[in-house]
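So the structure is just underneath, and the comments pick up after that.
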C-alpha cells in the first residue's frame, strides 16, 4: 500500500540474508552523511541491511548519499545485503522516521544510528547483538548511556512534549523562536567543515566514570561527555549496565519486543522523549529491561540534526507538531507519572556477556 507521507527513492541489493538491520534517519547532513555511512559499513561484522530516511532535507544530502551508495561494489569483505533510501514528502521528525524504518526492517534486531554518528568500533554490531541476546529480559541496549527515569520525567515537565520546545507555554515558545529567527537573520551563515576528532586533546572516557552506576543510576557518555572518546580497552569490555532508561544513538532494539509494546508513539511524540516512553512502558507492562554497553564512536554535539537551522517554514511545521500533540500527550505514560509524582522501582545491575 502506498504511503502518502514517504516514498522509496533508491535501492541497491548486494548479496546474502541480513542478520541485523541498520536504521539511519537524517536531515540536512550533506557534509558528513556519506562519511558516517561509510564508517558504519566499514565496521560491520554481521551481514546487514541498511535503511535510511530523509526527513525532507533542503540541502544536497540525498544527492551525496546516492552518489556514495552508487560507488559501492559487492565484494567478499562487504557485509551488506541491501541499502534502501526513503524520503518524506514533508518533515515528519524523529519519532515518525524511526517508527517507519523499524516497520520496514526485515531483521529481528534493529540498530538505530543517528546520522551525526561516525562509528569507530570494529564489530560494533556484533557487540550490540551479543549484549541484547545475553538476557531474554532485554528490549534494547544503548551505546550512548543509561540514566534514571526521574530525571527524564523532570526534564519532560519543562517542555511542551519535545526536546525542540523547552518552554511551559506555546506563547513563550513562539516568542523565543521569533527572537531566534531575528538573531540568525543578523548572523552570517558560515559553512563549517566536518568535525575532526582529536583523541589526544580530549579526556578518555573510562570505566572509572561508570563506577558509581549502582548508586546513581547513570552510566555512559551523557550530555557534554558525548564528546569524550572511549578508552579502547574499556570499549572492548563485554560489560552491560542494566538500569532504568536509555537514549538513542547507537541503540539496538529487539523488534519483537518493540512491537509487543506498540513501538514508538508518533501520536503523542514527534521529537524526543519517545524512546523513554517506550522503555518505561516496556518495563511497566511486560517487565522488559534496558542496558548500556560502551562502544567507540564520535558524535559532536554541533552536528546533530536537531540543532540544524530551521527556516520560517520549518518553524511553523514544528509549531504545528506541538499543537498536534498538545492534548494527546496528556494520555502518555510520561505525563501520567509526572502528574502522579511516582516513579517505577528498578533494580540496577552490572553483568558481563
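The set of residues from the range 207-256 being within 23 Å of residue 125 (Cβ to Cβ) and part of a loop (DSSP other than H, G, I, E, B) comprises 221, 222, 228, 229, 231, 236, 237, 238, 247, 248, 249, 250. Do we have any residue at all in the range 128-144 that's more than 27 Å from residue 205 (Cα to Cα), out of contact with any helix residue (DSSP H, G or I) (no Cβ under 8 Å at 6 or more places or on another chain) and touching a residue at least 40 places away in the same chain (Cβ under 8 Å)? Checked the range 128-144: at least one residue is more than 27 Å from residue 205 (Cα to Cα), out of contact with any helix residue (DSSP H, G or I) (no Cβ under 8 Å at 6 or more places or on another chain) and touching a residue at least 40 places away in the same chain (Cβ under 8 Å). Taking the criterion of being modelled with pLDDT of 75 or more, out of contact with any helix residue (DSSP H, G or I) (no Cβ under 6 Å at 6 or more places or on another chain), surrounded by 14 or more Cβ atoms within 10 Å (Cβ to Cβ) and in a helix (DSSP H, G or I), the residues of the range 298-328 that qualify are 314, 317, 318, 319, 321, 322, 324, 325, 328. Can you pull out the residues in the range 7-29 that are within 18 Å of residue 94 (Cα to Cα) and surrounded by fewer than 21 Cβ atoms within 10 Å (Cβ to Cβ)? Within the range 7-29, 7, 8, 28 qualify.
Suppose we filter the range 109-160 for residues that are crowded, with 17+ Cβ neighbours inside 10 Å and within 30 Å of residue 34 (Cβ to Cβ); how many remain? Result for the range 109-160: 26.
Annotation for the range 273-288: no member residue is in a loop (DSSP other than H, G, I, E, B), under 14 Å from the mean Cα position of the chain (by Cα) and within 16 Å of residue 101 (Cα to Cα). Is there a residue being modelled with pLDDT under 90, assigned to a loop (DSSP other than H, G, I, E, B) and over 19 Å from residue 94 (Cβ atoms) anywhere in the range 168-181? Checked the range 168-181: at least one residue is modelled with pLDDT under 90, assigned to a loop (DSSP other than H, G, I, E, B) and over 19 Å from residue 94 (Cβ atoms).
Take the conditions (1) farther than 20 Å from residue 314 by Cβ; (2) modelled with pLDDT of 85 or more; (3) outside any helix (DSSP H, G or I); residue 160 misses just one of them, which is (1). Every listed requirement among (1) out of contact with any strand residue (DSSP E or B) (no Cβ under 8 Å at 6 or more places or on another chain); (2) at pLDDT below 95 is met by residue 67 save one, (2). When the range 160-184 is limited to residues that are in contact (Cβ under 8 Å) with a residue 24 or more places away in the chain and under 20 Å from residue 267 (Cα atoms), the one that is farthest from the chain's Cα centre (by Cα) turns out to be 170. The lone criterion from (1) free of Cβ contacts under 8 Å to residues at least 40 places away in the same chain; (2) closer than 28 Å to residue 311 by Cα; (3) buried (at least 22 other Cβ atoms within 10 Å of the Cβ) left unmet by residue 50 is number (2).
The values are calculated or read from the model by the stated rules, or taken from the named source; none is laboratory data. Note that the structure is predicted; figures quoted are calculated from it, not measured. For neighbour counting, all protein chains shown are included, and Cβ atoms are generated from backbone atoms with ideal geometry for every residue, glycine included.
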